[in-house]
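Okay, structure first, notes after.
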Amino acid sequence: MRVDVVGAGAVELPEGAVYADLVARLGAEQALAVAAGDQVLELFRPVTAASVRLLRFTDAKGRQVFRHTAAHVLAQAVKRLYPKAQLAIGPATDEGFFYDILFPEPISSADLAAIEAEMARVVAEDHPVSRQEISRQDALAWFTQAGEPFKVALIEALRDDAVITTYRQGEFTDLCRGPHLARTGLIKALRLTNVAGAYFQGNDQGPMLQRVYGTAFPSDDELERHFFLIEEAKRRDHRRLGPELDLFSFHDVAPGFAFWHPKGLALYEALVGFSRSLQQPLGYQEVSTPWIYKTELWQTSGHAAHFKDNMFLMEAEGEAFGVKPMNCPGHCLLFSETTRSYRELPLRIAEYGPLTRRERSGTLHGLLRVRGMHQDDTHTFLAPEQIEEVVAEALGLVDAIYEAFAMPIEIHFSTRPADRMGEEALWDRAEAALEGVLKEAGRPYVTDPGEGAFYGPKLDFVATDALGRRWQVATVQLDFQLPIRFDLHYIDRDGRQKTPVMVHHAIMGSLERFIGVLVEHFAGAFPLWLAPVQVRLLPISEAEHESAQGVRATLQAAGLRVELDGRNEKVGYRIRHAEKDKVPYVAVIGQREVEAGTLAVRERGGRDLGAMPVKDFVSELQHKVASRWLGPGHHAEESR
RNA sequence: GCUGACGUAGCUCAGUCGGUAGAGCACCUGCAUGGUAAGCAGGAGGUCCCCGGUUCGAUCCCGGGCGUCAGCUCCA
């Protein structure tokens, strides 16, 4: 029989061959499984497909097979050490794998070493993995007798016509749909990382299981690199760097709300300035609207029915109020203030003011998940035929902003959620319009069914940072509902009243979250245009203080953010501090510079630019700020 | 919100088997007036998260609360 192998041509195999034979014939030792269309098959399966693709660890699907088997090795080791432990589910994740287990007595992270050692034995024993198809009755009987109630529940939840399979390695058998590696011995490097709580099937009414996390690689080197990246992420953690760089802080009495220090606010203002510089030319008009409204408004908007659990509610003089979690209802009131003409559309409104959301306490996470935030929020009121134009414009904003930070963007199209309002026909129209714009622009995207907002479908944008981590940031939402609920109208060309459509968008999203992401993306070493302190002046001795103050005034007048470090310390000491504070430029002023009217400039990271006239320094920096230059030293800078 | 762990100086952390605490960095002062990542010496700084309980005595043990962290769920 002939099998086509993608990238390797056709291979002739004897009848009854398995995929492992195919791999051996090709000398492709690194292949972990094969893909035939959408199906991933183990190497021990008989060859049936006419065309296959080899899956290695470098393929996401190959990696998944590898780590899925690692999860089984974990389960096998656990059952050896804790025979009474009950297994739930154990999938691969992007970073590794986990297994949800109900232990007879809860274990702690101190127990992981023993489990890891037993896993190493399972790997060393190099068990072949095999697959069995099994009837529902047999499966139920087997797992009931084995004392695995979660497996029994999983089987009971399967559809009647489902093919039930088990996988066996050594003495261990697990309910599993696969696919798996052919042998446990392929898992050369693995480590358990932590243990945390998790509910069976996400049900917080059920028992709390323990989720044991780990990761696995084909070699020790790759495992080490993985943990190096994790360490690097820890060094960049905005919750550590933010307070260290004096950008922001949190206080126990205001959980989820940041204190913005002067330096953090400088960064914040630079970002808002950037947003304004892009949106104002497109016609966005900035407003400020109330932040507390009577419940009546939230009933009109639908927030009372769909978002109440995420709002801070209060009572005053016997009347119920809610603090705004979004600007849209206020902007709708603003729109309805006067009679609007089609000539005003699209009417673009922007607001950078505070929003408050009652996030559940356990979900708060530094700046990345807060209760008090500010968005680069806009609402555009438009005629239905303008949807494409306005959404395309928003796409342009997303591109402009994320390009400025060298962050690639991925688009997610989120469709109607279960908890929603409005007629299905309008949802059909809204979804078709959004998807149409993406297709028209030829942009790749993934569809997230059921992830839309309660008032409309949306485009969510996921940015990738310098460490390859992904962050949900921008959102563009289409909304046919609020204009109806607020009874909004405009007078069209034909003199008739018509209902506008709304587009909501926040390109940086929450500025809090965005700054948190940027701190980690840049490891706190911001490009010049964002840096809270752009230049630090460093007079060598007291004799140059007066001159340094003059230079400071000059730089400040030129719009640069400057600090003067005139402390009674040696130059080396103050340079060290400037580096730790990640200031882009240090300008040293000694006797020579005073006499020549120059500055001895040092770039962050250690590059000495030599002496240059103050004027030249100013104009060079102004140019770099205006062009939003990403330097100095942007990518993956080593922290020391 | 749920499960678990943690909460000591501005930061990172030590310590007290129950007798009210210490280091490094940061900060302040003095000496040294200095040339590109730590000069020398000294000083100040604490409600050991909060409230109760046990105890002659609690930062330490117990209970409750708050906060943080790791997850679950949710999300900009």
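Some points to look at:
Per-residue answers, yes or no, for (1) of a type outside the set (D, E, K, R); (2) assigned by TED's automatic domain parsing to the domain that holds A:I401; (3) within 8 Å of RNA strand B (Cβ to nearest atom):
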residue	(1), (2), (3)
A:V551	yes, no, no
A:R567	no, no, yes
A:V571	yes, no, yes
A:G606	yes, no, yes
A:V618	yes, no, no
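- Candidates A:V562, A:V551, filtered to the one that is within 19 Å of A:L247 (Cβ to Cβ) and touching a strand residue (DSSP E or B) at 6+ places or on another chain (Cβ under 7 Å): A:V562
- Candidate set: region A:468-504, residues that are aromatic (F, W, Y) and farther than 13 Å from A:A383 by Cα; chosen: the one nearest to the chain's Cα centre (by Cα): A:W471
- Subset of region A:583-592 that is within 18 Å of A:E563 (Cα to Cα) and either within 37 Å of the chain's Cα centre (by Cα) or not in a strand (DSSP E or B) (or both) - its residue that is nearest to RNA strand B (Cβ to nearest atom): A:G590
- The set of residues in region A:477-501 that are within 16 Å of RNA strand B (Cβ to nearest atom) and either modelled with pLDDT of 95 or more or touching a Gly at 6+ places or on another chain (Cβ under 7 Å) (or both) comprises A:Q477, A:L478, A:D479, A:Q481.
- Filter result (under 20 Å from A:A531 (Cα atoms), among the small types (G, A, S) and loosely packed, with under 14 Cβ neighbours inside 10 Å) within region A:578-625: A:G606, A:S619
- Exactly one residue among A:A28, A:A20, A:A10 is surrounded by fewer than 20 Cβ atoms within 10 Å (Cβ to Cβ), in a strand (DSSP E or B) and more than 32 Å from the chain's Cα centre (by Cα), and that residue is A:A10.
- Scanning region A:202-259 for residues that are of a type in the set (V, I, T) and out of contact with any Lys or Arg (no Cβ under 7 Å at 6 or more places or on another chain) gives A:V212, A:I230, A:V253.
- With respect to being surrounded by fewer than 17 Cβ atoms within 10 Å (Cβ to Cβ) and either more than 15 Å from RNA strand B (Cβ to nearest atom) or farther than 29 Å from A:P384 by Cα (or both), A:L313 fits the description.
Residue-wise test of (1) under 29 Å from the mean Cα position of the chain (by Cα); (2) within 12 Å of RNA strand B (Cβ to nearest atom).
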| position | (1), (2) |
| --- | --- |
| A:R561 | no, no |
| A:A578 | no, yes |
| A:D581 | yes, yes |
| A:A596 | no, yes |
| A:V601 | no, yes |
| A:S627 | yes, no |
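- Residue under evaluation A:D465, criteria (1) more than 17 Å from the chain's Cα centre (by Cα); (2) within 21 Å of A:D94 (Cβ to Cβ); (3) surrounded by 13 or more Cβ atoms within 10 Å (Cβ to Cβ); (4) of a type outside the set (A, V, I, L, M, F, W, C), criterion not met: (1)
- Single residue of A:L367, A:L397 found to be surrounded by 21 or more Cβ atoms within 10 Å (Cβ to Cβ) and in a loop (DSSP other than H, G, I, E, B): A:L367
- Scan of region A:186-226 for residues that are in a helix (DSSP H, G or I), surrounded by 14 or more Cβ atoms within 10 Å (Cβ to Cβ) and under 22 Å from the mean Cα position of the chain (by Cα), ordered by number: A:H226
- Filtering region A:169-178 for residues that are within 16 Å of RNA strand B (Cβ to nearest atom) and not hydroxyl-bearing (S, T, Y) leaves an empty set.
- Check on A:L245, away from RNA strand B (no atom under 15 Å from the Cβ) and touching a residue at least 12 places away in the same chain (Cβ under 8 Å): no
- Checked against the criterion of being on the phi < 0 side of the Ramachandran plot and within 8 Å of RNA strand B (Cβ to nearest atom), region A:518-534 has no qualifying residue.
- Hey, A:D428 out of contact with any Lys or Arg (no Cβ under 6 Å at 6 or more places or on another chain), closer than 20 Å to A:F480 by Cβ and not in a loop (DSSP other than H, G, I, E, B) or not: yes
- Candidate set: region A:317-364, residues that are of a type in the set (K, R) and more than 16 Å from RNA strand B (Cβ to nearest atom); chosen: the one surrounded by the most Cβ atoms within 10 Å (Cβ to Cβ): A:R348
- Any hit, region A:115-133, residues being farther than 24 Å from A:Q64 by Cα, aliphatic (A, V, I, L, M) and not assigned by TED's automatic domain parsing to the domain that holds A:L43: no
- Subset tally (residues that are basic (K, R) and under 33 Å from the mean Cα position of the chain (by Cα)) for region A:603-625: 2
To keep it simple, each residue is scored yes or no on (1) of a type outside the set (V, I, T); (2) part of a strand (DSSP E or B); (3) at pLDDT 90 or above; (4) surrounded by fewer than 15 Cβ atoms within 10 Å (Cβ to Cβ).
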{"site": "A:I89", "(1), (2), (3), (4)": "no, no, no, no"}
{"site": "A:I107", "(1), (2), (3), (4)": "no, no, no, no"}
{"site": "A:A110", "(1), (2), (3), (4)": "yes, no, no, yes"}
{"site": "A:V123", "(1), (2), (3), (4)": "no, no, yes, no"}
{"site": "A:R131", "(1), (2), (3), (4)": "yes, yes, yes, no"}
{"site": "A:T144", "(1), (2), (3), (4)": "no, no, yes, yes"}
{"site": "A:F150", "(1), (2), (3), (4)": "yes, no, no, no"}
{"site": "A:A153", "(1), (2), (3), (4)": "yes, no, no, yes"}
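The values are calculated or read from the model by the stated rules, or taken from the named source; none is laboratory data. Predicted, not measured: the structure shown is a model, and the values here were computed from it. Virtual Cβ from ideal backbone geometry, glycine too; neighbours counted across all protein chains shown.
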